[in-house]
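Written below as structure tokens is the structure these notes are about.
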Amino acid sequence: MTADEAIISVRGLRNQFGSNIVHQDLDLDVYRGEILGVVGGSGTGKSVLLRSIVGLMTPKAGQVHLFGKDMLSLPATERAAYEKRVGVLFQQGALFSSLTVLENIALPLIEHAKLTRREASEIARVKIALTGLAAHAADLYPSDLSGGMIKRASLARALALDPDILFLDEPTAGLDPIGAAAFDQLLKTLRDAFNLTVFLVTHDLDTLYTACDRVAVLSQKQVLVADRLDVVANTDDEWIRDYFQGPRGRAASQAADRIDN
Amino acid sequence: MSDTLTLQPGPEPCLQLSGDWTLPHYQQLRLQRLDTPDQVQRIDAQALTALDTAGATVLLQLLGAERLRALVPHSAGLSPERQALLLAVADAMAEQKGDATTTRYRFGDGLAQLGRRMVSGWQQLLAFLNFLGLTLVTLLALLPRPWRWRITALVAQMHQAGLNAVPIVAVLNFLVGAVVAFLGATVLREFGATIYTVDLVAYAFMRELGVLLAAILLAGRTASAFTAQIGSMKVNEELDALKVHGMSAIEMLVIPRLLALLITLPLLGFVAIMAGIAGGALVSVLTLDISLTRFIAIVQEVPVKHLLLGLSKAPFFAVLIALIGCLEGFKVAGSAQSLGEHTTSAVVQSIFVVILVNAIAAMFFMEMGW
């Protein structure tokens, strides 16, 4: 698989709840090694798109290819093998509340890689370090963690099996600006180290400017545009103009320019 | 899998890596040992076919974070991506703050746990007494101010906790009454004294069972509901909103619930007693050849003080159930899990306390000769 090849490719996707059509003829490509930011107003189906791609919901029509394989027509056993190469960070972290952070991360290692508890713990400790958590956090329960720590612990669990693709659902929502900026930086570091492909649903303009290689805008039930940020920001569309040229968009853009210079 | 690791001796000892250093091979990889990690000067990864975090972890354990960080730039055959991976792992482990090891002591930890339990039990008792006092003070302050009485809330709670509980309380007591009558009939038949089955049922339900069963049902049904209602308000920060608007949560939430139970539990207790005796009557009429008029005549001969003694416990149970339910609701801390834990705790505590107080009351009445 070359760098230009689409690792995720969605064609003609259609999702609807009752008579409410969320996606219609939606096409999207995500290329290996890039961080794609997905934005859109509330109710445009960003999370629904993510859930359709990772297989948490079955679309009404269309195809979802991961690693060049059609996930919807693949038998369940083969599909599971590919799903192991995908990591998901849920919006609320979704850490198992009855397990410590270490056990949360060790669980997929024990279940899928057939490691013993001790071996899995060794690798889990490395993941904990990689996501910037302090060592003592390993023995804490999710209820004892702060919002930022939950996101990091959840990211460590998503990275447990060294996935090729990482899906993030609003990872910086609810974090303070310093924590959010640190998370953006962490994401870039990990992408470079693990050659990850990242599918990032976000509302955070700063994340778009600092972390994303490309941005896809969901609007009118489709991907309106998916391109580099400067191209997207200058697209002639009312919502995109309001989004990027509004006071928050301008502030984030200026902040990003200052960092670059 | 063989020869994944070789140390080439020489003036510049070189660590040769080969094969797949990945998660599926982690169990073999971690068995490898390096006698002299300090002497390694170079890493040769020409024959390395795959590397992931698991492989990086093994290398890290063999060489140590500092050594690995120093060696990676001077390695042969490592692609930039793999260098980045190794450096990221080494950096993270070297820079990680804090100590991971928490020492455990088998007996000490158990003892500490016991101590924590004792202290927490004591604090729970103190919290309850504190809450009881606070509620009583609020109640007394409310008495001369009828315009602040919350009649609507009171009636709504009486409806939920009292009226809606009538069917289940009646059915349950009816069934227990029938069972007690069967039991009495079986045992008393041996003595040819089946007629005393009537007294057994009447005394048991008037003095003990009627109010006790009603209170246990209410502890399960209403204490949990109180905890869930107040706890979800706490999770939703509604209690804080009340406070910043200058309103008292005790006055608005606790007092109506407390009064509702104070009024309805004696009534429910009476319903329970009647239902239990009715259950006994059914069994007596059907299996013991005691006519209904005979049954009622015997029941009427039972001194009314037994009924009053039984019902006199109801207000105490009501206060305990209402306050434990509300207090557990206030103790909920922020999460749905905590809400569930406190709801369970409210039910367990209130049932325990109801049975305990009932036992103490029975002994007290007996000693007093009532």
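The values are calculated or read from the model by the stated rules, or taken from the named source; none is laboratory data. Since the structure is predicted, the reported quantities are computational estimates derived from the model, not experimental observations. FYI the Cβ positions are ideal-geometry reconstructions off the backbone, even for glycines, and counts take in every protein chain you see.
Just a few scattered comments:
- Residues satisfying the stated conditions in segment B:47-100, i.e. touching a residue at least 12 places away in the same chain (Cβ under 8 Å) and among the polar types (S, T, N, Q): B:THR49, B:THR53, B:THR57, B:GLN61, B:SER75
- Filter result (under 14 Å from B:ALA92 (Cα atoms) and either touching a strand residue (DSSP E or B) at 6+ places or on another chain (Cβ under 7 Å) or surrounded by fewer than 24 Cβ atoms within 10 Å (Cβ to Cβ) (or both)) within segment A:132-145: A:GLY132, A:ALA134, A:ALA135
- Of all the numbered requirements in (1) surrounded by 20 or more Cβ atoms within 10 Å (Cβ to Cβ); (2) in a loop (DSSP other than H, G, I, E, B); (3) not hydrophobic (A, V, I, L, M, F, W, C), A:GLY33 misses one, and that requirement is (1).
- Those residues of segment B:92-113 which are at pLDDT 70 or above and part of a loop (DSSP other than H, G, I, E, B), in sequence order: B:GLN96, B:THR103, B:ARG104, B:TYR105
- Residue match in segment A:121-134 (condition: among the small types (Gly, Ala, Ser), at pLDDT 85 or above, within 21 Å of A:ASP164 (Cβ to Cβ) and part of a helix (DSSP H, G or I)): yes
- Residue list for segment A:62-75, restricted to those being under 21 Å from A:ASN15 (Cβ atoms) and either surrounded by fewer than 14 Cβ atoms within 10 Å (Cβ to Cβ) or free of Cβ contacts under 8 Å to residues at least 40 places away in the same chain (or both): A:LYS69, A:ASP70, A:MET71, A:LEU72, A:SER73, A:LEU74
- Of all residues in segment A:169-183 being under 14 Å from the mean Cα position of the chain (by Cα) and over 17 Å from A:LEU133 (Cβ atoms), the one that is surrounded by the fewest Cβ atoms within 10 Å (Cβ to Cβ): A:ALA173
- Against the list (1) touching a residue at least 40 places away in the same chain (Cβ under 8 Å); (2) surrounded by fewer than 14 Cβ atoms within 10 Å (Cβ to Cβ); (3) of a type in the set (S, T, N, Q), the condition A:GLN245 fails is (1).
- Every listed requirement among (1) more than 22 Å from A:ILE105 (Cα to Cα); (2) in contact with a strand residue (DSSP E or B) (Cβ under 8 Å, 6 or more places away or on another chain); (3) assigned to a helix (DSSP H, G or I) is met by B:ARG69 save one, (2).
- Members of segment B:243-261 found to be closer than 22 Å to B:GLN160 by Cβ, aliphatic (A, V, I, L, M) and surrounded by fewer than 17 Cβ atoms within 10 Å (Cβ to Cβ), listed by number: B:MET247, B:MET252
- Filter pass, A:GLU78 being assigned to a helix (DSSP H, G or I), under 30 Å from A:ARG14 (Cβ atoms) and more than 10 Å from every other protein chain (Cβ to nearest Cβ): yes
- When B:VAL254, B:VAL357, B:VAL285 are checked against the criterion of being within 30 Å of the chain's Cα centre (by Cα) and under 24 Å from B:VAL176 (Cβ atoms), B:VAL357 stands alone in meeting it.
- Checking B:LEU48, B:LEU63 one by one, the residue that is crowded, with 19+ Cβ neighbours inside 10 Å and in contact with a Pro (Cβ under 7 Å, 6 or more places away or on another chain) is B:LEU63 and no other.
- Subset of segment B:146-164 [touching a helix residue (DSSP H, G or I) at 6+ places or on another chain (Cβ under 6 Å) and among the aliphatic types (A, V, I, L, M)]: B:ALA153, B:LEU154, B:MET158, B:ALA161
- Taking the listed residues B:LEU183, B:LEU209, B:LEU175, the one that is within 27 Å of the chain's Cα centre (by Cα), in a helix (DSSP H, G or I) and not aromatic (Phe, Trp, Tyr) is B:LEU209, with no other qualifying.
- Complete set of residues in segment A:109-118 that are more than 7 Å from chain B (Cβ to nearest Cβ) and surrounded by 19 or more Cβ atoms within 10 Å (Cβ to Cβ): A:LEU109
- Of the residues in segment A:119-142, at least one is within 8 Å of chain B (Cβ to nearest Cβ) and on the phi > 0 side of the Ramachandran plot.
- Flag if A:THR202 is within 26 Å of A:GLY43 (Cβ to Cβ) and either charged (D, E, K, R) or in contact with a strand residue (DSSP E or B) (Cβ under 9 Å, 6 or more places away or on another chain) (or both): yes
- One residue stands out among those in segment B:228-242 that are crowded, with 16+ Cβ neighbours inside 10 Å and of a type in the set (Gly, Ala, Ser): the one that is nearest to B:ALA156 (Cα to Cα), which is B:ALA228.
- Long-range neighbours under 7 Å by Cβ, at least six apart or interchain, first residue facing chain A (nearest Cβ under 9 Å) within segment B:330-342, second crowded, with 19+ Cβ neighbours inside 10 Å: B:SER338/B:VAL332
To keep it simple, each residue is scored yes or no on (1) among the acidic types (Asp, Glu); (2) at pLDDT 85 or above.
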position	(1), (2)
A:ASP25	yes, yes
A:LEU28	no, yes
A:VAL39	no, yes
A:SER42	no, no
A:ARG51	no, yes
A:GLY55	no, no
A:LYS60	no, yes
A:VAL64	no, yes
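- Checking each residue in segment A:36-51 for being within 15 Å of the chain's Cα centre (by Cα), in contact (Cβ under 8 Å) with a residue 40 or more places away in the chain and not in a strand (DSSP E or B) picks out A:GLY45, A:LYS46, A:SER47, A:LEU49, A:LEU50.
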